[in-house]
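The block underneath contains the structure these notes are about, expressed in structure tokens.
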Amino acid sequence: MKILIVGSGGREHAIAWSVAKSSKVDKIYCAPGNAGIAEFAECVEIGAMEFEKLAAFAKEKEIDLTIIGMDDPLVGGVVDVFEAEGLRVFGPRKNAAILEGSKAFSKDLMRKYNIPTAGYENFTDAEEALAYLENAKFPIVLKADGLALGKGVLICNTLEEAKEGVKSIMLDKQFGSAGNVMVVEEFMTGREVSVLSFVDGTTVKTMTSAQDHKRAKDGDQGLNTGGMGTFSPSPFYTKEIEEYCEKYIFQPTVDAMKAEGREFKGIIFFGLMLTEDGPKVLEYNARFGDPETQVVLPRMKSDIIEVMEACIDGTLDRINLEFEDNAAVCVVLASDGYPVKYDKGFEISGLDTFKEHDGYYCFHAGTKFADGKIVTNGGRVLGVTAEGADLKEARKNAYAATEWITFQNKYMRNDIGKAIDDKLASEGF
Ligand code: AMP
Ligand code: GLY
């Protein structure tokens, strides 16, 4: 088969790596790709939002399956464009990708179908939002409705902060039109878990769990980022919690989308918070998570192409989705200053060391070729992932592997997965 992957980050690198393992695949293209993806795929200079060009390319190269990695093209309707051209594509249509594209939509869906989530109100008018906040309980959470690179969520501790938040989201349009509608949500506490799943419209099969670390600095301090590191599985996501989520969250969400005439095929990423009142949905995404994918896919035993084809064909119930009984940790190597201001263009060395070690991966997020060298080209540069028999070992391995890489202004968190060690220690290990 010939495969086209759309996207250019660490997630797409992990997808490309997984696709390359499939015995069904002869050739991989990636648009636009990056310097790491180029090892597995021929990168083509077409942007992820250039739907017509992507479809024309898929036709010209007789691509058998296109995999959309990113949220923007999905929410923008790339799948509909491909389907109209008779092309086979993995991902939700526009009317289903709204599950991620509009937080107001997803909150209303959860309310209508009794799916556990934080209490909320949606607002289109800043004055009304401000009036509501006067009597609200703090802290409170403000969310721009649309896509905002994972940054459209403000946790406000006081009324003053919330007023500023309303101003920046709804009036100053800090997140552009994503802020035309704003969700005001009850603040929840608990541990976060990411559960990614394959969905064929009717059946949902979850992958192994993971946890992200969104803040820039150790101890969950600093600004929110796209994700500074992940581990999988999450020891906090117990069998009992999984069963609860299957019954009250995963299947009900897929059924709800179907009942709404928005059949969902592709990936649903359930962002969960394990609260005292049980697991609740923080957010849905309509694609693989990043960097969650970088710890989940290396542990997947099943052939990714077989699973994706089953999602498209509505035969996911026949797939036995399997994962290794081990663990993985990913530490993101970023450019110092991310997510605010950082320099790019520094040569990266040490990448080849990964080729000599099984169970170690270096997924590229922001890199490019320059004068025959690989240089930094983004805030998040690389995702260093290592497997291990258990989380403790995977964590040790991942941090050892971060030492193999050098580039100017290299920055990372030093406590990715530390919560695991703390949990294990508290349990006497
Ligand atoms: P989201 O993009 O909706 O996942 O939000 C980004 C991050 O904000 C989440 O990963 C949480 O850490 C935090 N967050 C979002 N909603 C809430 C909430 N209702 N209560 C507490 N924290 C939240
Ligand atoms: N890691 C969170 C996300 O992919 O949205």
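The values are calculated or read from the model by the stated rules, or taken from the named source; none is laboratory data. None of these values were measured; they are calculated from a predicted model. Positions of Cβ are backbone-derived with ideal geometry, glycine not excepted, and every protein chain shown enters the neighbour counts.
Picking from V195, V181, which residue would you name as being buried (at least 20 other Cβ atoms within 10 Å of the Cβ), within 28 Å of M412 (Cβ to Cβ) and either among the aliphatic types (A, V, I, L, M) or away from ligand 1 (no atom under 16 Å from the Cβ) (or both)?
On the way: V181 fails: within 28 Å of M412 (Cβ to Cβ).
Going through V195, V181 in turn, just one is buried (at least 20 other Cβ atoms within 10 Å of the Cβ), within 28 Å of M412 (Cβ to Cβ) and either among the aliphatic types (A, V, I, L, M) or away from ligand 1 (no atom under 16 Å from the Cβ) (or both): V195.
Among the residues of segment 198-217 satisfying the criterion of being surrounded by fewer than 23 Cβ atoms within 10 Å (Cβ to Cβ) and within 16 Å of ligand 1 (Cβ to nearest atom), which is nearest to the chain's Cα centre (by Cα)?
My answer is K214.
Run down R395, R287, R299 and say which single residue is within 30 Å of F105 (Cα to Cα), within 21 Å of the chain's Cα centre (by Cα), among the basic types (K, R) and surrounded by 15 or more Cβ atoms within 10 Å (Cβ to Cβ).
Details: R395 fails: within 30 Å of F105 (Cα to Cα); R299 fails: within 30 Å of F105 (Cα to Cα).
Unique residue meeting the criteria: R287.
For a quick check of your reading of the model, give me the residue pairs whose first member lies in segment 113-124 and is under 13 Å from V141 (Cβ atoms) and touching a residue at least 40 places away in the same chain (Cβ under 8 Å), whose second is among the small types (G, A, S) and surrounded by fewer than 18 Cβ atoms within 10 Å (Cβ to Cβ), with beta-carbon atoms closer than 6 Å and at least 6 apart or on different chains.
none
Output the qualifying pairs, or none if there are none: Cβ atoms under 7 angstrom, residues six or more apart or on different chains, first residue in segment 143-161 and more than 19 Å from G222 (Cα to Cα), second residue within 16 Å of ligand 2 (Cβ to nearest atom) and aromatic (F, W, Y).
Final answer for the pair search is A144/F175.
Residues checked against (1) touching an Asp or Glu at 6+ places or on another chain (Cβ under 8 Å); (2) of a type in the set (D, E, K, R); (3) at negative phi:
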residue: E42; (1), (2), (3): no, yes, yes
residue: I46; (1), (2), (3): no, no, yes
residue: F51; (1), (2), (3): no, no, yes
residue: D71; (1), (2), (3): yes, yes, yes
residue: V81; (1), (2), (3): yes, no, yes
residue: A96; (1), (2), (3): yes, no, yes
residue: K103; (1), (2), (3): yes, yes, yes
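So which residues in segment 122-151 are of a type in the set (S, T, N, Q) and modelled with pLDDT of 95 or more? Step through it out loud before you land on a result.
Filtering segment 122-151 down to residues of a type in the set (S, T, N, Q) leaves 122, 124, 135.
Answer for segment 122-151, where residues must be of a type in the set (S, T, N, Q) and modelled with pLDDT of 95 or more: N122, T124.
Scan segment 76-91 and give yes if some residue there is in a helix (DSSP H, G or I), within 15 Å of ligand 1 (Cβ to nearest atom) and either under 18 Å from F270 (Cα atoms) or more than 25 Å from the chain's Cα centre (by Cα) (or both), otherwise no. Walk me through how you get there before you give the answer.
The initial filter retains those residues of segment 76-91 that are in a helix (DSSP H, G or I), namely 76, 78-84.
Within this subset, residues satisfying the condition of being within 15 Å of ligand 1 (Cβ to nearest atom) are none.
No: segment 76-91 contains no residue that is in a helix (DSSP H, G or I), within 15 Å of ligand 1 (Cβ to nearest atom) and either under 18 Å from F270 (Cα atoms) or more than 25 Å from the chain's Cα centre (by Cα) (or both).
Name the residues in segment 335-389 that are assigned to a loop (DSSP other than H, G, I, E, B), loosely packed, with under 15 Cβ neighbours inside 10 Å and charged (D, E, K, R), would you?
D336, K341, D343, D358, D371
I'd like the full set of residues that are in contact (Cβ under 8 Å) with a residue 24 or more places away in the chain and more than 17 Å from A389 (Cα to Cα), limited to segment 314-335.
First, the residues of segment 314-335 that are in contact (Cβ under 8 Å) with a residue 24 or more places away in the chain: 314-317, 319, 321, 323-324, 326-335.
Passing the criteria: G314, T315, L316, D317, I319, L321, V331, V332, L333, A334, S335.
Could you name every one of the strands (runs of 3 or more DSSP E) located completely within segment 1-69 that has at least 2 residues being of a type in the set (V, I, T) and surrounded by 16 or more Cβ atoms within 10 Å (Cβ to Cβ)?
Of the strands (runs of 3 or more DSSP E) lying wholly inside segment 1-69, those with at least 2 residues that are of a type in the set (V, I, T) and surrounded by 16 or more Cβ atoms within 10 Å (Cβ to Cβ) span 2-7, 65-68.
Yes or no: G101 more than 18 Å from E283 (Cα to Cα) and touching a residue at least 24 places away in the same chain (Cβ under 8 Å)?
Working: more than 18 Å from E283 (Cα to Cα): no; touching a residue at least 24 places away in the same chain (Cβ under 8 Å): yes.
Criteria not met by G101.
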